[in-house]
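See below for the structure under consideration.
Just so it is clear, none of the values below were taken in a lab; they were calculated from the coordinates. Treat the numbers as computed from the prediction; the structure is a model and nothing was measured. Counting neighbours? That spans all protein chains shown, and the Cβs are built from the backbone with ideal geometry, glycine included.
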């Protein structure tokens, strides 16, 4: 799916702003054929929860309605008119002028439809019925229940099977864009790179596959460098274009080319599209992760799209702030835990050189997940109770379709903390891994993130991963306030995994300790800044012991909102930054460490 851009032949119109908003209380029928009886306003993009403030909105479970008017210029009626939602959390029915246009399930990836048959010149109306409900068929997984209260009213409830707040709404941009009736539908970029002895590109052939709808005489492919100079050209829907002396996209040192595709008929331009891209190689060789032929060491975080007021709504100023904070820290990477982030963030990482592990929203695939993992969750019947396969396949298909050309994406994460030990796990994992391997034209490595309760003695799926990614909390949920035991058990755990999988690279995608900014103590007292810093000192000492250990992505970059519960104090406090992006003590300690660790050839 191509990102909407303005070109010689295309237009883009924003539908962001203030929309009418209605909480559906299930007490009356809402007819999208007429304007909804909205009683509130809501900013789009943005989650509705914190904007609504009061409990009836913030904690609402069920349906809500969005609506606004938009204008269509008469000059556009001869073009192909497309209505696109970058995300609607979690399930949406879309109507234009009262007529049903499309349905989409899944809250973190874009969907669109042509609306020529539904619009007219002048004023039009778009209406969205949105559900924030989650159950055993959705990703993320929720535990859904409902009851009828004493007044006969239906009361719905979702208990999240994950540790972040269920923000919902039209959380990313809504746009109308146009193309000619004959147009470029998709572009797939791959490349064959020959590296010289200095790991530079001695020869690069870019393969450009263009999906064209309609009749054309010519498909011209032009490769532009960052100065907009032509460096290569070709023709046809399947063009092999050689770039002499190509510059590679490097972590923290990005270089982007642009592929310009032009469709022509009788010598006239019909449609054009420009796709920025970087050239780099990714390979897992034994227990090394190679980018452009050199061993790369991951330094960074798990994150969340989470901010005050916006909730999970896109916040590009915050994205830029986070990138700059990560650069200040000496970090080079992050994981899109636990769902795909906005495409604007992916494009920013392409431009800024940050490495991304791209994750589908497959979180909560563990029966009876608990925030307090030390409570002792045994083998579960997860895979006989969940029915997530169809949604998992859809999300993988849509994610790869959206992010396949992004240089920043070096690995796909297929699941976070799933039940990889219980009955049926092996069959489910084998299917999902095989399905995912068929999707990516660049054949990036695949992984899932192992849950600590599915340890080395229980997990039956780790061999499917190209890199073993693990979440480990020795010193927090396990061995709380006992750093001697924590360090001992962490060493034993890594040694055991390496003994079983000696030819696989291992990295951590989560490790951390909740910390309330400003809390201090002389002793090892949990929740203090001193405890968090010591926790990272011990983990780092262990990481440096092992050559097969290729990366440390801590949990979490910043404090974030979670569901209500006594295990959380206004959210998860594992951030090394507060939710407002103020550093805790551990941030400066880690900065000193990471600035000393090179991106390449550390191990």
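Label 7 Å along Cα→Cβ of residue 182; segment 264-287 residues with amide nitrogen under 19 Å?
264-274
Packing-wise, with mean Cβ within 10 Å as the measure, how do 273-285, 580-592, 186-198 rank, highest first?
Taking the mean over residues of other Cβ atoms within 10 Å, the ranking is 273-285, 580-592, 186-198.
Along the Cα→Cβ direction, 7 angstrom out, place labels at residue 114 and residue 581. What is the inter-label distance in nm?
4.2 nm
How many nm separate the modelled label positions at residue 73 and residue 285, each set 7 Å beyond the Cα in the direction of the Cβ?
5.3 nm
Highest mean first, how do 407-418, 27-38 rank when packing is the count of other Cβ atoms within 10 Å averaged over residues?
Values: 407-418: 25.7, 27-38: 13.0.
Order by mean packing, descending: 407-418, 27-38.
I need the fraction of alpha carbon pairs in segment 426-584 separated by more than 26 Å, rounded to a whole percent.
In whole percent, the long-distance tail amounts to 35.
Please list the equivalent ellipsoid semi-axes of segment 11-179, computed as the square roots of five times the alpha-carbon gyration tensor eigenvalues, in descending order and whole angstrom.
29, 17, 14
Which FRET efficiency value, to the nearest 0.05, do you get for residue 192 and residue 55 by plugging their Cβ-Cβ distance into 1/(1 + (r/R0)^6) with R0 = 51 Å? Spell out each step's value before the answer.
On the way: r = 57 Å, r/R0 = 1.12.
Here the calculated transfer efficiency is 0.35.
Suppose R0 equals 30 Å. What FRET efficiency, 1/(1 + (r/R0)^6) with r the Cβ-Cβ distance, do residue 156 and residue 99 give to the nearest 0.05?
The calculated FRET efficiency here is 0.60.
When DSSP beta bridges are limited to those with both residues in the chain, what percentage is antiparallel, rounded to the nearest 5?
About 75 percent, rounded to the nearest 5.
Any idea what % of Cα-Cα pairs in the chain are farther than 30 Å?
Roughly 55 percent, once rounded to a whole number.
If each residue of separation counts as 0.36 nm, what is the full-extension length gain between residue 480 and residue 347 once their alpha-carbon separation is subtracted?
Working: separation 133, 0.36 × 133 = 47.88 nm, distance 3.99 nm.
Here the answer is 43.9 nm.
Return 403, 479 ranked ascending by Cβ neighbour count within 10 Å, so the fewest neighbours appear first.
Details: 403 22, 479 18.
The order, fewest Cβ neighbours first, is 479, 403.
Sorting check: for 518-531, 41-54, which peptide has the highest mean count of neighbouring beta carbons within 10 Å, and how do the rest follow? Could the numbers behind the result be given before it?
On the way: 518-531: 14.4, 41-54: 19.6.
Final packing ranking: 41-54, 518-531.
Need one number for segment 503-603: average projected area of the convex hull over its C-alpha atoms, nm².
Mean projected area for segment 503-603: 7.6 nm², to one decimal.
Once the piece of chain linking residue 209 and residue 516 is laid out straight, how much longer is it, given 0.36 nm per residue of separation minus the C-alpha distance between them?
105.4 nm
I need the calculated FRET efficiency for the pair residue 401 and residue 146, taking r as the beta carbon distance and R₀ as 35 Å, to the nearest 0.05. Kindly include the intermediate steps, with their values, before the conclusion.
Values: r = 34 Å, r/R0 = 0.98.
E between residue 401 and residue 146, to the nearest 0.05, is 0.55.
What are the extents of the Cα atoms of segment 297-596 along their three principal axes, listed from largest to smallest and rounded to whole Å?
Extents along the principal axes, in whole Å: 52, 42, 40.
For segment 441-487 and segment 128-198, what is the separation of their C-alpha centers, rounded to whole Å?
26 Å
Work the Kirkwood hydrodynamic radius out for segment 4-72: mean of 1/r over every pair of different alpha-carbon atoms, inverted, in Å. Please report the intermediate quantities before stating the final value.
Values: mean 1/r = 0.0718 Å⁻¹.
Final number for the Kirkwood radius of segment 4-72 is 13.9 Å.
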